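The values are calculated or read from the model by the stated rules, or taken from the named source; none is laboratory data. No experiment lies behind these values; they were computed from the predicted model shown. We place every Cβ from the backbone using ideal geometry, glycine too, and count neighbours over all the protein chains shown.
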């Protein structure tokens, strides 16, 4: 069984811990890179709804699993399998994190999280988002992104397999350089999703919230 502290560390990598000052180092992109980025933007824009099983690996090797639902723009739910006490819901511009074992709920603006890049109304990997690295391997494209104005908050690396172009994994590196890797499997898109999954979580009695 994973310890509470270990699970908190792995889940915390989805959220920026503090604002750190850093300069953006944009990748030197070839014409092929730019063409692939355009394909990725079109692909991500085409995903309106998604359901998948996820496996999350934290910096220390701790593993947790669960089910993820996504509905663009702006909605996502990470339902962690027991014994994990965690639940994350993105909706109405807010990412809500609940730890049922501690009876605590925290909220943060979705625009300050790496997941906000994926959930945007229109996915654009330029302007407010900067591509800092791009790698090609046989059957795979890997793109690393930061928010242009706050790169110190952390990075998001998207890993796609092809053909066909398919999002398989993302890696979040937070402001403390802690890495969390999320791998998707049994991915289904274009599905109908119960909107109750994205309802905001009520604070438990006695919880002050953050």
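Please enumerate the residues belonging to the range 58-75 that are part of a strand (DSSP E or B), in contact (Cβ under 8 Å) with a residue 40 or more places away in the chain and closer than 23 Å to residue 178 by Cα. Step through it out loud before you land on a result.
Here is the first cut: in the range 58-75, the residues part of a strand (DSSP E or B) are 63-71, 75.
Then drop every residue that is not in contact (Cβ under 8 Å) with a residue 40 or more places away in the chain, which leaves 63-64, 68-71, 75.
Answer for the range 58-75, where residues must be part of a strand (DSSP E or B), in contact (Cβ under 8 Å) with a residue 40 or more places away in the chain and closer than 23 Å to residue 178 by Cα: 63, 64, 68.
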- Report, ordered by the first and then the second residue, all pairs with beta carbons closer than 8 Å, sequence separation of six or more or different chains, a first member in the range 37-49 that is surrounded by 15 or more Cβ atoms within 10 Å (Cβ to Cβ), and a second member that is in a helix (DSSP H, G or I). 44/118
- Task: Please name all residue pairs, on different chains or six or more residues apart, with Cβ atoms under 9 Å, provided the first residue is in the range 167-190 and is at positive phi and modelled with pLDDT of 90 or more and the second residue is buried (at least 16 other Cβ atoms within 10 Å of the Cβ) and in a strand (DSSP E or B).
- Result: 186/51; 186/52; 190/50
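When you scan the range 97-151, how many residues do you find that are assigned to a strand (DSSP E or B) and either in contact (Cβ under 8 Å) with a residue 40 or more places away in the chain or touching a strand residue (DSSP E or B) at 6+ places or on another chain (Cβ under 8 Å) (or both)? It would help to see each step written out before you state the result.
If we filter the range 97-151 for residues that are assigned to a strand (DSSP E or B), which is where we start, we get 97-99, 104-109, 129-137, 140-147.
Checking which are either in contact (Cβ under 8 Å) with a residue 40 or more places away in the chain or touching a strand residue (DSSP E or B) at 6+ places or on another chain (Cβ under 8 Å) (or both) leaves us with 97-99, 104-109, 129-136, 140-147.
Residues in the range 97-151 being assigned to a strand (DSSP E or B) and either in contact (Cβ under 8 Å) with a residue 40 or more places away in the chain or touching a strand residue (DSSP E or B) at 6+ places or on another chain (Cβ under 8 Å) (or both): 25 in total.
Looking at residue 195, is it closer than 24 Å to residue 50 by Cβ and over 14 Å from the mean Cα position of the chain (by Cα)? Show your work before the answer.
Working: closer than 24 Å to residue 50 by Cβ: yes; over 14 Å from the mean Cα position of the chain (by Cα): yes.
It is true that residue 195 is closer than 24 Å to residue 50 by Cβ and over 14 Å from the mean Cα position of the chain (by Cα).
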- Looking at 114, 73, 163, which is the one that is over 16 Å from residue 197 (Cβ atoms) and either at pLDDT 90 or above or surrounded by fewer than 20 Cβ atoms within 10 Å (Cβ to Cβ) (or both)? 163
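Just to be sure I understand, how many residues within the range 76-96 are in a loop (DSSP other than H, G, I, E, B) and surrounded by fewer than 21 Cβ atoms within 10 Å (Cβ to Cβ)?
Start the filter on the range 76-96 by keeping residues that are in a loop (DSSP other than H, G, I, E, B), which leaves 81-85, 92-93.
Next, from what is left, pick out any that are surrounded by fewer than 21 Cβ atoms within 10 Å (Cβ to Cβ): 81-83, 85, 92-93.
Qualifying residue count, the range 76-96: 6.
Pick from the range 21-36 the residues that are surrounded by 12 or more Cβ atoms within 10 Å (Cβ to Cβ) and touching a helix residue (DSSP H, G or I) at 6+ places or on another chain (Cβ under 7 Å): which of them is nearest to residue 161 (Cα to Cα)? Please lay out each step first, then the result.
So the first thing to find is which residues in the range 21-36 are surrounded by 12 or more Cβ atoms within 10 Å (Cβ to Cβ), and the list is 22, 24, 26-27, 29, 33-34, 36.
Those left that are additionally touching a helix residue (DSSP H, G or I) at 6+ places or on another chain (Cβ under 7 Å): 22, 24.
Working: 22: 31, 24: 27 Å.
Among residues in the range 21-36 that are surrounded by 12 or more Cβ atoms within 10 Å (Cβ to Cβ) and touching a helix residue (DSSP H, G or I) at 6+ places or on another chain (Cβ under 7 Å), the one nearest to residue 161 (Cα to Cα) is 24.
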